[in-house]
Amino acid sequence: ISLSVDLYRHQSKNILAYNKGNIMSGIDYYLFNNGSLQSKGVDASVFGRIIDAKVKWDANLTVSHERTKVTGLPETTYTSYAGGTMITRQGDVPNSFYGHSFQGVYSTAAEAAASGLGILNSAGEKIPFKAGDAIFADINGDKIIDDKDRTIIGNPNADLYGGLQNVISYKGWKFGVLLTYSLGNDIYNFTRSQLESGSTLYNQTELLNNRWKAEGQVTNVPRVSYNDPMGNARFSDRWIEDGSYLRLRQISVEYMIPVDKNIIKYIRIYGTANNILTFTKYLGYDPEFAQSANIFHQGVDVTLEPQFKSFQLGVRLGL
């Protein structure tokens, strides 16, 4: 058995950050090297030969944990993408999901009226919530649900991630199994926000069969309302899901055919299968993909094609 552990702490200084400009200059924002980040983490690996006889079984487990915190920023930065908002502010993890806290649906008109909550229309008039509308947390206590009531509702970064590699050998045979996992990462399911909002002309999922329809109905799906005038489908933790998963990433088998090494070095027949099974509570197709490597695209499901299963069969010749 062998064990390796790497601990690290990295401080990044003089990072480019947006700063408010002077009104007299006519510049709203300018870039300056006055941002800083701190990253801390641990990478651990355990290797062991489980069986050492005619059959040999080697296993290697990797576990990683990393956390980044903004230690210096001139002002809080908000980034919008796919209808959601990410926040970067000093003292927190960068690019956290920032939205409203969804707490259910008003079952009756009396319940909605008793809350005293509402929104402001374009004329500044208060429009109270009604039965069937979504219940959102009034963070600042002003009885108006708006951007001031947003809070951090998720983190796309995993708490733990890694893999487990197994290799079993017997005579000319070799079998391999690779498992990968991620724990504690959140995903913004943009796909669900479009197909379960009840506010567009798009086809909707079967969940909308359970939408609020009548006084006294208890449900967690707000009423259907075209164009969503009350903001029931606004960006909230209703669309944030646990993206943890365990994936059977690869299974491989290989057989080395005995040969006269004076003529040929080796002949190997092999087969591999990729992305066989994924165990997750995530409701989308795949908890492990992003539109690009851009940091703002991580943990956002924008209905791209999921990773596909693939199978390979081949022969290797050593000359």
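How many residues does the stretch 225-234 contain that are open to solvent by 80 Å² or more (accessible area, probe 1.4 Å) and under 19 Å from THR205 (Cβ atoms)?
Here the count works out to 1.
For residues that are open to solvent by 80 Å² or more (accessible area, probe 1.4 Å) and in contact with a Gly (Cβ under 9 Å, 6 or more places away or on another chain), tally how many sit in the stretch 19-53.
So the count comes out to 4.
For every residue, the table says whether it meets (1) closer than 19 Å to ASN157 by Cα; (2) in contact with a Phe, Trp or Tyr (Cβ under 6 Å, 6 or more places away or on another chain); (3) buried (at least 16 other Cβ atoms within 10 Å of the Cβ).
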| residue | (1), (2), (3) |
| --- | --- |
| TYR255 | no, yes, no |
| LYS261 | no, no, no |
| ILE267 | no, no, no |
| GLY271 | no, no, no |
| GLU288 | yes, no, yes |
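Within the stretch 86-111, how many residues turn out to be closer than 20 Å to PRO222 by Cβ and either among the hydroxyl-bearing types (Ser, Thr, Tyr) or open to solvent by 30 Å² or more (accessible area, probe 1.4 Å) (or both)?
The total comes to 9.
Pairs under 7 Å by beta carbon, first residue in contact (Cβ under 8 Å) with a residue 12 or more places away in the chain in the stretch 17-36, partner among the charged types (D, E, K, R) and part of a strand (DSSP E or B), six or more apart or different chains?
Every condition considered, the pairs that remain are SER36/LYS13.
Looking only at the stretch 210-217, decide whether some residue is closer than 30 Å to ILE152 by Cβ, part of a helix (DSSP H, G or I), at pLDDT 95 or above and within 28 Å of the chain's Cα centre (by Cα).
Yes, the stretch 210-217 contains at least one residue that is closer than 30 Å to ILE152 by Cβ, part of a helix (DSSP H, G or I), at pLDDT 95 or above and within 28 Å of the chain's Cα centre (by Cα).
Listed residues THR76, THR62; which is touching a strand residue (DSSP E or B) at 6+ places or on another chain (Cβ under 9 Å), polar (S, T, N, Q) and free of Cβ contacts under 8 Å to residues at least 24 places away in the same chain?
Result: THR76 is the single residue among THR76, THR62 that is touching a strand residue (DSSP E or B) at 6+ places or on another chain (Cβ under 9 Å), polar (S, T, N, Q) and free of Cβ contacts under 8 Å to residues at least 24 places away in the same chain.
Confirm whether THR68 is over 28 Å from PHE190 (Cα atoms) and either polar (S, T, N, Q) or outside any strand (DSSP E or B) (or both).
Numbers: over 28 Å from PHE190 (Cα atoms): no; either polar (S, T, N, Q) or outside any strand (DSSP E or B) (or both): yes.
It is false that THR68 is over 28 Å from PHE190 (Cα atoms) and either polar (S, T, N, Q) or outside any strand (DSSP E or B) (or both).
The values are calculated or read from the model by the stated rules, or taken from the named source; none is laboratory data. Worth saying up front: this structure is predicted, and the values here are computed from it rather than measured. Every residue, glycine among them, receives a Cβ derived from its backbone with ideal geometry; neighbour counts consider all protein chains shown. Please note that ligands, DNA and RNA were not included when accessible areas were found on the heavy atoms of the full protein model with its side chains. Shrake-Rupley method; radii C 1.70, N 1.55, O 1.52, S 1.80 Å.
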